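A short write-up of the structure that comes next.
The values are calculated or read from the model by the stated rules, or taken from the named source; none is laboratory data. Note that the structure is a prediction, hence the values are computed from the model and not measured. Methodologically, a virtual Cβ is constructed for each residue, glycine included, from the backbone with ideal geometry; neighbour enumeration extends over all protein chains shown. For accessibility, only protein heavy atoms count, side chains too; no ligands or nucleic acids. Shrake-Rupley method; radii C 1.70, N 1.55, O 1.52, S 1.80 Å.
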Amino acid sequence: MKTLHVLPLLGLLSLCSAHSGFFTSIGHMTDLLNTERDLVISLKDYIMAEELKLAKVKQWAEKLDHLTALASKDPEGFLGHPVNAFKLMKRLNTEWMELENLVLKDLSDGLVSNLTIQRQYFPNDEDQTGAAKALIRLQDTYNLDAETIARGNLPGVKQKTSLTAEDCFDLGKIAYTDADYYHTELWMEQALKQLDEGEESSVDKVLVLDYLSYAVYQQGDLDKALTLTKRLLSLDPDHQRGNGNLRYFEYIMTKEGNKTSLSDGAETRTRKGRPKDHLPERQKYERLCRGEGIKMTPRRQKKLFCRYHDGNRSPVYVLSPIKQEDEWDKPRIVRYHDIISDAEIAKVQALAKPRLRRATISNPVTGVLETAHYRISKSAWLSGYEDPVIETINRRIQDLTGLDVSTAEELQVANYGMGGQYEPHFDFARKDEPDAFKELGTGNRIATWLFYMSDVEAGGATVFPEVGAAVYPRKGSAVFWYNLFESGEGDYSTRHAACPVLVGNKWVSNKWIHERGQEFRRPCKLSELE
């Protein structure tokens, strides 16, 4: 049997860089805009210099054109004039050499030098691939078709930006590299559609059809793969792989046709869909991110209230109580409104931004911190002694929760990147992770306090798939919940996730409060689930 040729994996533009992970933080990506702006200034300076040089050459050419036209009418008479003869000698011996030097003069040094300096701060292949996968993740999570993204028709956008056919082709190619033929098909079809509409591109239809036909075949649609291959060959009859694939597809279809006639029944092919992944609650999680599947009933909703909270009779908040709102009942999630000021947010961001690093997770087996594809953000840790603002924030959390924060972890600040997310996880350590917080010596994470330090135009909700809850970012507010029952047992209903940011820039900061120091503030109960 003849085997189907596999398309070559085409590499991405390689940019040498000492940095990576730009795509995991919008905050850091803003620095790239400043870099690009600086390069554009250098490019414009180079263009101006080249235009001045070209203007001089053009002026010289026009002068000589007039002179040679005059001389060619009567060469001997022209050179009979001693001044003309002298000037001819001078031009050919000196001035043409000066013109040659002008033409050969390289004015690109400034631009090249700036490029060389800035290149060390450029994104690399990992960033470009990460950004492409982020678009694909948003496409899946929010049920967006390729054309919606390609045309820039996203909710909450202030400026529409479209993808070219070449951009769509590159997205499909990255999916192809991962053997993700579902998304390869979607993006190659979009690239082909834009080319069919007459868009000019460096990518031709033959190349797109080559990838597309193979991806469709891998998805199980042999009829469509055959049709696309025939179209490819109509554009390039000598295409070697196309001709090989055509013969192979026809052979398979003939073989299947024989089987069908022998069995006297129609055989249906199963078309593959989106690739399955590691997350069992993927569908439930993504539905909540889209605002679907929220399980709050009207009867339960009536038991949720807004109130002024005095921070357990804290002197500060007795005089100036805080607005508190019930977001969910079980687990109980409360939101505190206007709990952090714009000035405090700006200070926290300024302290954190220089230290932002790719967010890590604790390996449940080894306990070692490592990056993970399901957590796309950058984070930094801030201590109370570093700045009075951080100390004030820590004290505020203690006053409002009634819990001792002296044994809590430092304030973690996170900025999410393109399609930034943190898939469903627990904040507390389960029984099969006894050493998760052993080094801290402060017990398990009893509670989570989460500040929202920015509004998000679309996406970015905090969702709890086990109970069907969704909490949306609101700048200046914070949400709080207990991860452990009063017995010290973990509350598995607190499994939660940060949905991908569709449009916008999401900044949060959180405080994980631990068990030690809470013995009298939140006494243990005898019942396991209390």
Given the candidates Leu99, Gly80, Ala49, the one whose Cα lies deepest towards the positive end of the charge dipole of the range 22-143, counting +1 at each Lys or Arg C-beta and -1 at each Asp or Glu C-beta, is Gly80
Give, as a single signed number, the net charge of other residues whose beta carbon lies under 11 Å from the beta carbon of Pro321, with Lys and Arg counted +1 and Asp and Glu -1.
+2
Anchor Lys431: aspartates and glutamates whose Cα lies under 17 Å away (excluding residues fewer than 8 positions away in-chain)
Glu439, Glu486, Glu489, Asp491, Glu515, Glu528
Work out the charge dipole of the chain with +1 on the Cβ of Lys and Arg and -1 on the Cβ of Asp and Glu about the Cα centre, then indicate which of Gln518, Gly172, Gln218 is farthest towards its positive end.
Gln518
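Would you mind classifying the chain by shape? Square roots of the alpha carbon gyration tensor eigenvalues, ordered a ≥ b ≥ c; an a/c under 1.5 is rounded, otherwise it is prolate if a/b is larger than b/c and oblate if not. Each step should come with its number before you reach the end.
Working: a/c = 3.13, a/b = 1.51, b/c = 2.07.
Note, shape of the chain comes out oblate.
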How far apart, in nanometres, would the label points at Gln118 and Ala458 be if each is projected 7 angstrom from Cα along the Cα-to-Cβ direction?
3.0
Which shape class applies to the range 170-244: rounded if a/c is under 1.5, otherwise prolate when a/b exceeds b/c and oblate if not, where a ≥ b ≥ c are the square roots of the Cα gyration tensor eigenvalues?
oblate
Write down the accessible area per residue of the chain in Å², having rolled a 1.4 Å probe over the full set of protein chains.
54
Measure off, as a whole percent, the carbon and sulfur share of the 1.4 Å-probe accessible area of the chain, all protein chains present.
55
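Beta carbons within 10 angstrom, averaged per residue: use that to sort the peptides 507-513, 385-391, highest first. Before the final figure, lay out each step's value.
On the way: 507-513: 23.3, 385-391: 14.4.
Those peptides, ordered most packed to least, come out 507-513, 385-391.
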If Rh is defined by the Kirkwood formula over all Cα pairs and Rg also comes from Cα, what ratio Rg/Rh do you get for the range 443-483?
1.02
Under 19 Å from Lys205, Cα to Cα: lysines that are on another chain or at least 8 residues apart
Lys173, Lys193, Lys224, Lys230
Note to self, the chain gives a 222 nm [θ] from helices alone (DSSP H runs n ≥ 4, -39500 (n - 2.57) apiece, / all residues, nearest 500) of -13500 deg cm²/dmol
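Using a simple charge model, +1 on the beta-carbon of Lys and Arg, -1 on the beta-carbon of Asp and Glu, nothing else, what dipole does the chain show about its Cα centre, in debye to the nearest 20? Mind showing how you got there, number by number?
Details: 70 positive and 78 negative charges, 243 e Å.
Dipole about the Cα centre, nearest 20: 1160 debye.
Please compute the net charge surrounding Met453, taking Lys and Arg as +1 and Asp and Glu as -1 over other residues with Cβ under 10 Å from its Cβ. Before the final figure, lay out each step's value.
On the way: positive: Lys475, Lys506; negative: Asp342, Glu344, Asp455.
Result for the local shell: -1.
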What does the accessible area of Arg307 come to, in Å² to the nearest 10, when a probe of 1.4 Å is used?
80
Over 19 Å (Cα to Cα) - which of Lys276/Lys378; Lys133/Lys158; Lys353/Lys378 fall in this group:
Lys276/Lys378; Lys133/Lys158
Assuming 0.36 nm per residue, please report the length gained on full extension of the stretch Met296 to Lys63 beyond their Cα-Cα distance.
75.5 nm
Just report the Cα centroid separation between the range 405-459 and the range 62-82, whole Å.
85
